[in-house]
Amino acid sequence: LLASALIIFVGTSAPIFGVSVETRFYDQMNLPIAIIMGLLNGLSVLIRWRYNKGREVLKSLSPSLIISFLITVLLIVAGITDLMFILLTFSSVFTIISNFEVILKIRRKNITRWGAYLSHIGVGLFFLGVITTGGYSVQKDVDLIKNRPISVLGYDLTFLGY
C-alpha cells in the first residue's frame, strides 16, 4: 500500500515540476503491486506462522490454487487477453477463494473472526471490478461545440451552454 501511495504521490506531484503523466502511468505502475497484494493476501491466510511445513503448505494451497486456475482459464476463454490482467485475475480469484476457504473452516468456531477474511474477499472483488471496468471499458474524447450535436458511442450529445 505504501508503494502504491508513493506512485500516486509522484504522479500527482509531477505537474509541479513541469511534467505531466497520463492515467496509464498509474495503471502500469500499480498493476504489479495489486498482483503481489492479491497473492500475498491469499497465501497469508493459508500459511500458519510456525506451524506449517513444506508439504502441509502445498496441501493447504492446492484447493485454492486449482480452483483459482480453473476460474482464471474460464475468464480467459470469456475474453481476458492481457497478461497483466490475467495475472491480476488469478491473484484476485486466489484471494477470494482462499479467504472463503478459511471462513468455511471457522464458520462455527468463531464468527467474530470473519471480518478480516470478508474484508480480504472485498479486496479481491475490488481488483476484479478494476479489471472489468478499467481494462475493458471504452472511452472517447470529443470537443463539444455549443448547439452542435455529435454522436459518441451510440449517444447523441448537444452542448447547450453552461
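The values are calculated or read from the model by the stated rules, or taken from the named source; none is laboratory data. Just so we're clear, the structure is a prediction, and the values are computed from it rather than from any experiment. Methodologically, a virtual Cβ is constructed for each residue, glycine included, from the backbone with ideal geometry; neighbour enumeration extends over all protein chains shown. When the accessible area is computed, the model is the full protein with side chains, heavy atoms only, and any ligands, DNA or RNA have been set aside. Shrake-Rupley method; radii C 1.70, N 1.55, O 1.52, S 1.80 Å.
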(request) Using the charge dipole of region 39-162 (Lys, Arg: +1 at Cβ; Asp, Glu: -1 at Cβ; taken about the Cα centre), state which of Ile103, Thr133, Val123 has its Cα farthest towards the positive end. (result) Ile103
(request) Find the lysine pairs in region 19-162 meeting two conditions, Cα atoms under 26 Å apart and a separation of 8 or more places or different chains, and report how many there are. (result) 4
(message) Taking the Cα centre as origin and putting +1 on Lys and Arg beta-carbons and -1 on Asp and Glu beta-carbons, what dipole magnitude results for region 89-162, to the nearest 20 debye?
(response) 540 debye
(message) Rounding to the nearest 10 and keeping the result within 0 to 90°, find how far the Cα-based axis of helix 2-13 lies from the longest principal axis of the chain.
(response) 10 degrees
(request) For n ≥ 4 DSSP H runs only, could you compute -39500 (n - 2.57) per run for the chain, divide by its residues and tell me the 222 nm figure to the nearest 500? (result) -21500 deg cm²/dmol
(request) Using a 1.4 Å probe and ignoring any ligands, DNA or RNA, find the accessible area of Ser137 and quote it in Å² to the nearest 10. (result) 60 Å²
(request) Could you tell me whether region 11-98 comes out rounded, prolate or oblate from its Cα gyration tensor? Rule is a ≥ b ≥ c as square roots of the eigenvalues, rounded for a/c under 1.5, then prolate if a/b exceeds b/c, otherwise oblate. (result) oblate
(request) Give me the accessible area per residue for the chain, probe 1.4 Å, as a whole number in Å². (result) 73 Å²
(request) With an 8 Å cut-off on Cα pairs and a minimum separation of 6 or more residues, tell me the relative contact order of region 52-162 in percent. (result) 20 percent
(message) Rounded to the nearest 20 debye, what is the charge dipole size of the chain about its Cα centre when +1 sits on each Lys and Arg Cβ and -1 on each Asp and Glu Cβ?
(response) 1080 debye
(request) For helix 83-106, report the angle its Cα long axis makes with the longest principal axis of the Cα atoms of the chain; keep it between 0 and 90° and round to the nearest 10°. (result) 40 degrees
(message) In whole percent, and with a 1.4 Å probe on the protein chains, what portion of the accessible area of region 1-118 is carbon and sulfur?
(response) 71 percent
(message) If you fit an axis through the alpha-carbon atoms of helix 54-78 and take the longest principal axis of the Cα set of the chain, what angle between them do you get, 0 to 90°, nearest 10?
(response) 30 degrees
